[in-house]
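Reading through the structure tokens given below for one structure.
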2 protein chains.
Amino acid sequence: MKILETRMAPNPRRVRIFLAEKGIEVPTEELDLMKGELKSDSFTKLNKLQKVPVLLLDDGTPICETIAICRYFEELHPEPALFGKGALGKATVEMWQRRMELGLMAAVTSAFRHLHPAMANHEVPQVAAWGEANKPRALDMLRILDEQLSSNRFVAGDTYSVADITALVTMDFMKPARVQRPEGLVNVERWYKEVAARPSAKA
Amino acid sequence: MKILETRMAPNPRRVRIFLAEKGIEVPTEELDLMKGELKSDSFTKLNKLQKVPVLLLDDGTPICETIAICRYFEELHPEPALFGKGALGKATVEMWQRRMELGLMAAVTSAFRHLHPAMANHEVPQVAAWGEANKPRALDMLRILDEQLSSNRFVAGDTYSVADITALVTMDFMKPARVQRPEGLVNVERWYKEVAARPSAKA
């Protein structure tokens, strides 16, 4: 079993943090985005979408999509539960993981992909107006997160979850994406300090 | 318990089909998007994102996000399993549900939201170039789906799953979204006939 990734990209980091929180070690293999290794024939056979991370099982089966990889390990190693427990707990984590991913991470990565010169050959066509439109969306979601964190220790409630992982990785990706973090979100700042200090954040 | 929805929108239909496949009946309440009922104070309290569907539990707890609502019911009524069984089965459904949602549904709804005149007041700013850029993306994902369906009865394998629901609802939404379905995808056509004929598709 191994994970194919590009170390600098935010999605592979989500998987690394998830595995660190579970205490699971899986070997990784680095692919170089800039050298076109995600467009090679051999990698395209594993993931037609030409995206990392991909978990390659020992029998050669590829599992693509960050959250699908995380869920695979959640099923095999249920503790600590990072997707929640019970019907309401799992639904709540799913809700907040989706809000962080579709509302925050997608906005920040869209700003990056459509505005950053380094992405010109990877995001075709780059639509600058769409990149700009995503910046205020990211900030709107951070304000919603700040309100959620005013009465919750973690993104989805009392317990650290995959929703925290998505939010943390996105916060750290705002700098290369050139999306300015708003000031004065005291609950987000308090939460960020705590989750960024966990050993898993170095993964 | 009730579900707040706008009947014409694709996401509430995903929940209705999911519940029909499970044999679960939940009362629904219609909100009128065009009359601004999704922007009302009372609805915004339930979902700050101002989006449907929202599942409102008897104690007043709101569960937002289509897939979070579906997962809530999957936990309470595990059969038939629509999110897969076992670690590999669940990961495979998650992978294909995400591909159908992030690759196909998001592309079709982006074309709709950024190009359709009726959305001018709801998608601000409308970025026409981004709407156009999404049309070939939807078709690329349909070609990947066609290849998947050349050796699988359903989107995620041998068994009907939430990935089929997302794909079916998106196929039907291509017409109002004015994204032309490509011809000659014989496996997609064979699959579409089968899933559209299930009683749940009328939900």
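Some points to look at:
- Charges were assigned to the Cβ only: +1 to each Lys and Arg, -1 to each Asp and Glu. The resulting dipole of the protein assembly as shown about its Cα centre is roughly 680 debye.
- More than 38 angstrom apart: percent of Cα pairs within the protein assembly as shown: 14
- Separation in nanometres of the label points that stand 7 Å from Cα toward Cβ, at B:His77 and A:Asn187: 3.4
- Copy-to-copy label distances for A:Leu139, where each label lies 7 Å from Cα along Cα-to-Cβ, are 3.8 nm in order of increasing length.
- Among A:59-66, A:9-16, the order from most to least packed when residues are scored by Cβ within 10 Å on average: A:9-16, A:59-66
- Residue of chain A with the Cβ closest to the rotation axis carrying A onto B, and that distance rounded to whole Å: A:Trp130, 2.
- Added length on full extension, which subtracts the Cα-Cα distance from 0.36 nm per residue, A:Asp140 to A:Lys175: 10.9 nm
- Distances between copies of A:Glu183, taken at a point 7 Å out from Cα along the Cα→Cβ vector and listed shortest first: 6.1 nm.
- Once the mean of 1/r is taken over each pair of separate Cα atoms and inverted, the stretch A:27-121 shows a Kirkwood hydrodynamic radius of 15.7 Å.
- Per-pair calculated FRET efficiency, R0 = 35 Å: A:Ser40 and B:Ser151 via Cβ, rounded to 0.05: 0.90
- Projecting the Cα positions of B:Gly157, B:Leu145, B:Ser200 onto the charge dipole of the stretch B:130-203 (unit charges on Cβ atoms of Lys, Arg, Asp and Glu, taken about the Cα centre) puts B:Ser200 furthest along the positive direction.
- For A:Met8, label point 7 Å along C-beta direction: distances to other copies, nm: 4.6
The numbers here are math on the coordinates, done by the rules we state, and not lab data. Computed from a predicted structure; not experimentally measured. All Cβ positions, even for glycine, are placed from backbone atoms using ideal geometry, and neighbour counts span all protein chains on display.
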